[in-house]
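Here is the structure we will look at, set down as structure tokens.
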Amino acid sequence: MATAVKIKSIEKITHDVLHIVAQKPEGLQYHTGQAVDVSINKAGWEKELRPFTFTSLPTDDQIEFIIKTYPSHNGVTNQLLSLKVGDELLIGDVFGDIAYKGEGVFIAGGAGVTPFIAILKQLEKEKKIGNNKLLFANKTRADIINKEKLFSILGKNFINILSDEKIDGFENGFISAGLIQKHSGENSFYYLCGPPPMMAAMEKQLTSLGIKNEYIIKEAF
Ligand SMILES: Cc1cc2nc3c(=O)[nH]c(=O)nc-3n(C[C@H](O)[C@H](O)[C@H](O)COP(=O)(O)OP(=O)(O)OC[C@H]3O[C@@H](n4cnc5c(N)ncnc54)[C@H](O)[C@@H]3O)c2cc1C
């Protein structure tokens, strides 16, 4: 059964992305990288479940989400844009295929970075960030979510790729097999999360590099 929780803060962190902090349901358990079914506790929206990934850590005493909104149609994320502190979310079942297995290359497209934000924050907390790398694909610099935080965790191992802008210090275009290879170490794991077309392209690149399935951890958004 879903639990109603109050929103403690809600703010825009890019032109179309919200950061929401809410009360943690009593007894809620999850691991970093997992998502949960969320709906809005408002007439007509209670049954509209959508999956969102925790960007908080399991030990935090509140839960957090980072959510890309689609104001062009009247879905759940558009409704979220009208919520205020004190409004309620319904928190349902926890699930998700992404979990940290060891050092590697995280490859994210847009909001697909959310499970990696949680995992990287956890590794930072445990002082185990090591040589993990993040290849983060976006259209423009303005789309990059949590840029400062990710840079502070990863430094030079935070690699941004912009498809629609050419800016010094940023890779331009799409993530290529060559770029993945350049950032791969021996026995690297590959963590993929993003929209389905990007996921398909990345899996093709990994196959072309001879990466075995057991080294690929993925979830499509
Ligand atoms: C396991 C998992 C975890 C996820 N975690 C996150 C997360 O942490 N953060 C996050 O931002 N997202 C996350 N997502 C994606 C998120 O669940 C979807 O973006 C969300 O459900 C969209 O809900 P909606 O009601 O606004 O759109 P829906 O109405 O459900 O539409 C779904 C998609 O269709 C497209 N679409 C549909 N109709 C239109 C239209 N008229 N015009 C334009 N586009 C349209 C949009 O691209 C949209 O993404 C996750 C997905 C999965 C599977």
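Just so it is clear, none of the values below were taken in a lab; they were calculated from the coordinates. This one's a predicted model, so the numbers in the text were calculated from it and none came from an experiment. Methodologically, a virtual Cβ is constructed for each residue, glycine included, from the backbone with ideal geometry; neighbour enumeration extends over all protein chains shown.
For the chain, the fraction of C-alpha pairs farther apart than 33 angstrom is 15 percent. Normalised by 2.2 N^0.38 Å, where N is the number of residues, the alpha-carbon radius of gyration of the range 104-220 equals 0.98. In the chain, the DSSP-assigned H stretches of four residues or longer account for a calculated mean residue ellipticity at 222 nm of -5500 deg cm²/dmol, using -39500 (n - 2.57) per stretch and the full residue count as denominator. Which of the three applies to the range 13-113, rounded, prolate or oblate, going by the alpha-carbon gyration tensor with a ≥ b ≥ c and a/c under 1.5 meaning rounded? In terms of gyration-tensor shape, oblate. Taking a sphere under 11 Å around the Cβ of Gln79 and counting the other residues whose Cβ falls inside, with K and R at +1 and D and E at -1, yields a net charge of 0. Reducing the range 87-158 and the range 65-80 to their Cα centroids gives an inter-centroid distance of 20 Å.
Averaging 1/r across all pairs of distinct Cα atoms in the range 4-68 and inverting the result yields a Kirkwood radius of 12.5 Å. P(r) tail, the range 115-166: Cα-Cα pairs separated by more than 16 Å, 38% of all pairs.
In the range 112-186, which GluC sites (Glu not before Pro) are in a loop and have at most 14 other Cβ atoms within 10 Å, using DSSP for the loop call? Each step should come with its number before you reach the end.
Details: sites: Glu124, Glu126, Glu148, Glu165, Glu171, Glu186; in loops: Glu126, Glu165, Glu186.
Hits after loop and neighbour filter: Glu126, Glu165, Glu186.
Sparse packing (at most 10 other Cβ atoms within 10 Å of the Cβ) combined with a DSSP loop state is found for none of the chymotrypsin sites (Phe, Trp or Tyr not before Pro) in the range 44-142.
Most mobile of Thr207, Thr77, Thr32 per a Gaussian network model of the chain (Cα springs, under 10 Å)? In the Gaussian network model the winner is Thr207. Placing +1 on the Cβ of every Lys and Arg and -1 on the Cβ of every Asp and Glu, with no other charges, gives the chain a dipole of roughly 360 debye about its Cα centre.
Computed over the range 104-220, relative contact order equals 30 percent, with contacts defined as Cα pairs under 8 Å that lie 6+ residues apart.
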